[in-house]
Amino acid sequence: MNLDRELREALQPLAGDPVADAMRVLAALPPVPPPAPAPPRRIPPWWLLGGIVLGLTAGLGLGFALSAGPADPAQRAEQEKILQEQKAKEAAAKGKAPPGMPSDSRQWLDVTAFGAIAIDEPGEGKQELKPGQYMTKLGTTFTSNDALVGVYVFANDARVRLDRRTVAEVQPDLVVLRSGRLWLSNLDRPAEVTLRTDYGEVRAPAAVLQLEVLEHGVRVSCLDGLAQVVSPAGQLRLQGGRQVEFGRGGPGEIGALPFAGTITNWMTPMVLMQRDDSELRARVGQMLQAYLEGTHRDPAEAELRRLGGHCVPRLFEAIEAMAASALRERTARLLAEVADYGHAVWLVALLERGDAATRAIAFTGLVRITGAGVEDETFWRDAGDAEREAAAARWRERLR
């Protein structure tokens, strides 16, 4: 088909009538083939959408500028240079990895270093990491040094925490503990994880476990769920609330788990710094319950002090429910000692609603926080309701 010849023949007899002439030209054109079926729609990732938008914006802007630009050859050459530089930048950007989450997060670990640590990452080798958050490949070996380390496994939602002076390799279904102490939870999405040591293995289909390498063995503490201890000399099942030690000679006798707040308090800094506060709220509740029940009151109080001001609202509720007693005063003193400026209003509430002894304790706590007092301790012990209400209003005004 000779398109040019056919168009010339169609244009020769034009009569000057726009409609008739247009119909004659269109009739001379070859038929347009039907469009090919569109491929399945694929939504690009956010970083690609952003690149497309930026590319279109830049391209349209330069296109309008060039099309409407001056006829001066020097100016046109400058605009052409800008366009070529923009194309070069876009070509270079195609080779860069997108920021943020990798396209296949299942091949990565989300790591939070609470201090300087060392890692040995597959394909990348040994590295020194400063405190911060990182993405590392599966199978990375961590040396925590004097820092704590939190690891989240995208592949199965398992969480691993490493204590100071711990060396461990982390994969989705295998954690190798070479020294130190670690905590693992795979309750969120149960899928068996094996924890391997030089003395044997612990298999956890769904559990919260803590393992610690001792001088001649390993101590396994099952905080929740069920685990199986496997060593060359024997194996056993371990339920929540129980612990056992095993070494070259096999597992020993299963015993009751000591107070969980004590054996896991090394993790408290990590619990406090999590964006999701659900674990923090649960831990406050557990420690307060143990404190009130009395069986583990002293270690529970020690852990409540570590949790600090986060305990203040729950401690206030507990005081409100207590009759005047030595425990009420002890709890008020604990509240006054852990409260910070952001929780000072709870001490003011205790001034308004407490008995004489707890009011005096609350006053002492407020003086510690603010550096000055409204009235004095004798006033808060002995003053009448109206006088205390007016003084409490002055406290509130000072804390605004």
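The figures follow:
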{"item": "Sorted by Cβ density within 10 Å, fewest first, the residues MET135, MET267, MET287", "result": "MET135, MET267, MET287"}
{"item": "Cα Rg, Dmax, the range 105-258, angstrom units", "result": "14.9, 43"}
{"item": "Cβ-based exposure ranking for LYS137, LYS126, in which fewest neighbours within 10 Å come first", "result": "LYS126, LYS137"}
{"item": "Proxy reagent accessibility, fewest Cβ within 10 Å first, across LEU214, LEU280", "result": "LEU214, LEU280"}
{"item": "Segment ARG165-VAL367, extension gain: residue separation times 0.36 nm, minus the distance between their alpha carbons", "result": "68.7 nm"}
{"item": "Cα-based shape type of the range 196-324, given that a ≥ b ≥ c are square roots of the gyration tensor eigenvalues and the cut on a/c is 1.5", "result": "prolate"}
{"item": "Options VAL374, ALA362, TYR291, ranked by Cα towards positive dipole end of the range 265-399, top entry (Cβ charges)", "result": "TYR291"}
{"item": "Global geometry of the range 265-399, whether rounded, prolate or oblate, following the gyration tensor of its Cα atoms and the 1.5 cut on a/c", "result": "prolate"}
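Only the coordinates and a few stated rules stand behind these numbers; no lab work does. Treat the numbers as computed from the prediction; the structure is a model and nothing was measured. In this analysis, Cβ positions are derived from the backbone assuming ideal geometry, glycine residues included, and neighbour counts consider all displayed protein chains.
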